[in-house]
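A.B. asks: My questions will all concern the structure given below.
What follows draws every value from the coordinates through simple rules; no lab data is involved. For clarity, every value in this text was computed on a predicted model and none was experimentally measured. Cβ coordinates were reconstructed from backbone atoms using ideal geometry, including for glycine residues, and neighbour counts include every protein chain displayed.
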Amino acid sequence: MNVVYFLFAHLASIIRVMGKMIVSNDRLKSFFLQCAQQSFHELGLNDSVITDYVASVLTTFARTDHLYRVRTPKGRHLNSVVEMLSAYLNPADQLQHPVQREREFRKYVGDYTLFMSGLFRTHVEQDGVLDYYFSEGRRSYLKVSELDVALYHTGFLLFQELSKNFEYYSGALDYMRKAYFAPLPGEDPFGQFLRNVEGWMKTNLSDN
């Protein structure tokens, strides 16, 4: 997954150069929201709550420290879902995870698997873990929904829907990449994606 890391490390450096992170994130989200709304609409998906959530995930993961937030005790970033779960559920850790921390972790795994199996599906397929990502994505979002019910949080239906139709929304992200960030012949599959995002940001973030 190194190509993914370097792609978003470059994107994050562009964000830092273009100005304040809070402003950049707001405007960057509008870019991803436009892409999601258009591509999801073409697939017959017109749920504004889902598209807004997906755009938020893409915006959050445009920063590598958010994309690879789970680390080993020595500070190594983990990009394998198996390693993430193993680290979190380490039997040597006798402390039970607080409910809120578990929700945060499960939401992250759901978001990460949706992001990777959708936008970077070719890499996930090359690693032979696409079905595993589908399974863990569904499981994680379902757990978030259950925890939200237990915590009396609103929005549990969103995660229930993401769990139920995880493969569909992952496929919609894959379609978005193919439809709007198609590479040139012989180009790295994510080269056009990076150029489109970078070009939009230079045009729209340079105003301030």
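A.B. asks: Along Cα→Cβ, 7 Å out, is where each label goes; now give me the distance between the ones at residue 154 and residue 132 in nm to one decimal.
C.D. replies: 3.9 nm
A.B. asks: So how much slack lies between residue 52 and residue 104, counting 0.36 nm per residue of separation and subtracting their Cα-Cα distance, in nm? List each step's numbers first, then the result.
C.D. replies: Details: separation 52, 0.36 × 52 = 18.72 nm, distance 1.88 nm.
Fully extending the segment from residue 52 to residue 104 adds 16.8 nm.
A.B. asks: What length, rounded to one decimal in nm, is gained on full extension from residue 179 through to residue 42, with 0.36 nm per residue of separation minus their alpha-carbon distance?
C.D. replies: 48.3 nm
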